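The values are calculated or read from the model by the stated rules, or taken from the named source; none is laboratory data. Here the structure is a predicted model, which is why all the values come from computation and not from measurement. Using ideal geometry, Cβ is built from the backbone for each residue, glycine included, and neighbour counts are taken over all protein chains shown. Areas reflect the complete protein model, heavy atoms only, side chains present, ligands, DNA and RNA absent. Shrake-Rupley method; radii C 1.70, N 1.55, O 1.52, S 1.80 Å.
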Amino acid sequence: MKRIGILTSGGDAPGMNAAIRAVTKTAISNGLEVFGIRYGFAGLVAGDFVALTAEDVDHKISQGGTFLYSARYPEFAQEEVQKKGAEQLRSHGIDAVIVIGGDGSYHGALALTRLGINSIGLPGTIDNDIPYTDYTIGFSSACRTAMDAIDKIRDTAASHHRVFIVNVMGRECGDIAMRVGVATGADAIVIPERPYDIKEIAETLKRHFADGKDNGIIVLAEGVMSADKFKDELLKYGDFDARANVLAHMQRGGSPTVTDRVNATKMGNYAVKLLLDGKGGLAVGIENSKLATHDILDLFDGKHQGDYALLDINKEMNK
Ligand SMILES: Nc1ncnc2c1ncn2[C@@H]1O[C@H](COP(=O)(O)OP(=O)(O)OP(=O)(O)O)[C@@H](O)[C@H]1O
Ligand SMILES: O=P(O)(O)OC[C@H]1O[C@](O)(CO)[C@@H](O)[C@@H]1O
Ligand SMILES: [Mg+2]
């Protein structure tokens, strides 16, 4: 193996650049050439490749987004399109690829491995919805951004004695909501993976206001329902001055936290070593603070386990 490729795919996540840097610098240190594949699997099929040097990745560790750009390219689920991608790699002399992305992107990495191009997946998504890894690259930064935003929302909520329903990202995964809800001292956290009772939440808010609290914060995972709909449901059980807020894509931007930078660096470094060992079709993760690998195929059967104790702690504190 002389030449490897690297791409970012799906939603961008803070720390993707740190992972690209780690892969590039580790590969070069081990005598490999590195090609950046721009725009995810779309750029792979189009042959949008650019040689990367150590200087190209200098100063990238602190930048959000992905300088290789990303794409949602559903066409890559078709075998014919996957074959075109593998042919592009072969014609550029690229023997192996590192794919940084979420669960969807892992399907692409597995497809390439099956077509003879060893590929390793790195968990790059703010959602933290990937099995067999405690943290995905970008989750920590997205939580920090959402936490900062909710701290600010609370200032205005308190000034008007309002309830804010804040919708946070994560698709069907409630990890961002749970972590940020606890970190901001929310009155309630609502996630798709666990049952919830809107009437009970309304009663909690009423009691808090009656006891002298001047604001209410509900952190709502986007996979449950929209913030507007939740507000309408809540108003059936109480006469609150309520506002719905959607943090949306701001959660994906900004400079990565130290956790995301370090995890991305560890996992990027490890991914190159796996390729040097001739491995492919593997997903890298961090389990109990240690680097780990699993067959990508196993991930598709697995289910990410969130830290649901956070939900219980928050409930107990808001009785
Ligand atoms: N079944 C599949 N086979 C091959 N490639 C796929 C498949 N599913 C998704 N992909 C590729 O991976 C890309 C990213 O997938 P998706 O949009 O689900 O995001 P993701 O990687 O899960 O990241 P995130 O959820 O954080 O946005 C798709 O646009 C497509 O190019
Ligand atoms: O950027 P898009 O295509 O609007 O997708 C938004 C989705 O991507 C994510 O930001 C990352 O998967 C999700 O949390 C969100 O539901
Ligand atoms: Mg995903």
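Filter the range 15-46 down to the residues that are away from ligand 3 (no atom under 16 Å from the Cβ) and touching a Pro at 6+ places or on another chain (Cβ under 9 Å) and list them by number.
Those that are away from ligand 3 (no atom under 16 Å from the Cβ) and touching a Pro at 6+ places or on another chain (Cβ under 9 Å): ASN17, ALA18.
Find the residue count for the range 249-287, including only residues that are more than 18 Å from the chain's Cα centre (by Cα) and more than 30 Å from ARG114 (Cα to Cα).
0
Can you find a residue that is in a loop (DSSP other than H, G, I, E, B), surrounded by fewer than 24 Cβ atoms within 10 Å (Cβ to Cβ) and not hydroxyl-bearing (Ser, Thr, Tyr) anywhere in the range 136-154?
Checked the range 136-154: no residue is in a loop (DSSP other than H, G, I, E, B), surrounded by fewer than 24 Cβ atoms within 10 Å (Cβ to Cβ) and not hydroxyl-bearing (Ser, Thr, Tyr).
Could you go through the range 124-147 and let me know if any residue there is small (Gly, Ala, Ser), within 22 Å of ARG38 (Cα to Cα) and within 14 Å of ligand 1 (Cβ to nearest atom).
yes
Taking the conditions exactly as written (within 16 Å of ligand 3 (Cβ to nearest atom) and closer than 18 Å to VAL45 by Cβ), does GLY138 satisfy them or not?
Criteria not met by GLY138.
Tell me, which residue of the range 236-251 that is open to solvent by 30 Å² or more (accessible area, probe 1.4 Å) and not hydrophobic (A, V, I, L, M, F, W, C) is farthest from ligand 2 (Cβ to nearest atom)?
My answer is ASP239.
Is at least one residue of the range 223-237 assigned to a strand (DSSP E or B) and either in contact with a Gly (Cβ under 8 Å, 6 or more places away or on another chain) or without any contact (Cβ under 8 Å) to a residue 40 or more places away in the chain (or both)?
For the range 223-237, residues assigned to a strand (DSSP E or B) and either in contact with a Gly (Cβ under 8 Å, 6 or more places away or on another chain) or without any contact (Cβ under 8 Å) to a residue 40 or more places away in the chain (or both): absent.
Can you name the residue in the range 288-318 that is of a type in the set (Val, Ile, Thr) and within 19 Å of the chain's Cα centre (by Cα) and is also farthest from VAL99 (Cα to Cα) among such residues?
Here is the first cut: in the range 288-318, the residues of a type in the set (Val, Ile, Thr) are 293, 296, 313.
Cutting the leftovers down to within 19 Å of the chain's Cα centre (by Cα) gives us 293, 296.
Numbers: THR293: 14, ILE296: 12 Å.
Step by step, filter the range 288-318, then rank; the result is THR293.
Name the single residue that is farthest from the chain's Cα centre (by Cα) among those in the range 158-192 being surrounded by 19 or more Cβ atoms within 10 Å (Cβ to Cβ) and assigned to a loop (DSSP other than H, G, I, E, B).
Selected residue: ASP187.
Matching residues to (1) out of contact with any Gly (no Cβ under 8 Å at 6 or more places or on another chain); (2) in a strand (DSSP E or B):
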{"site": "VAL81", "(1), (2)": "yes, no"}
{"site": "ILE94", "(1), (2)": "no, no"}
{"site": "ILE98", "(1), (2)": "no, yes"}
{"site": "TYR106", "(1), (2)": "no, no"}
{"site": "ALA109", "(1), (2)": "no, no"}
{"site": "GLY121", "(1), (2)": "no, yes"}
{"site": "PRO131", "(1), (2)": "no, no"}
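Hey, can you tell me all the residues within the range 197-223 that are of a type in the set (A, V, I, L, M) and open to solvent by 30 Å² or more (accessible area, probe 1.4 Å)?
Correct list: ALA210 only.
Residues are listed down the side, and each one gets a yes or a no for (1) under 14 Å from LEU7 (Cα atoms); (2) among the charged types (D, E, K, R); (3) away from ligand 2 (no atom under 16 Å from the Cβ):
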position: PRO74; (1), (2), (3): no, no, no
position: GLN78; (1), (2), (3): no, no, yes
position: HIS92; (1), (2), (3): no, no, yes
position: ALA109; (1), (2), (3): yes, no, yes
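Of the conditions (1) closer than 22 Å to GLY281 by Cβ; (2) at pLDDT 95 or above, MET1 fails just one. Which one is it?
Going through the list (1) closer than 22 Å to GLY281 by Cβ; (2) at pLDDT 95 or above, MET1 breaks only (2).
Limited to the range 281-303, what total is found for residues that are under 16 Å from SER105 (Cα atoms), assigned to a strand (DSSP E or B) and either open to solvent by less than 70 Å² (accessible area, probe 1.4 Å) or not assigned by TED's automatic domain parsing to the domain that holds GLY124 (or both)?
Adding up the residues that qualify gives 5.
Test each condition in (1) open to solvent by 60 Å² or more (accessible area, probe 1.4 Å); (2) in contact with a Ser or Thr (Cβ under 6 Å, 6 or more places away or on another chain) for LYS266 and report the one that comes out false.
Only one criterion is unmet by LYS266, namely (2).
Those residues that are open to solvent by 10 Å² or more (accessible area, probe 1.4 Å), under 15 Å from GLN88 (Cα atoms) and either aliphatic (A, V, I, L, M) or within 17 Å of the chain's Cα centre (by Cα) (or both), I need them from the range 112-127; list them, please.
LEU115
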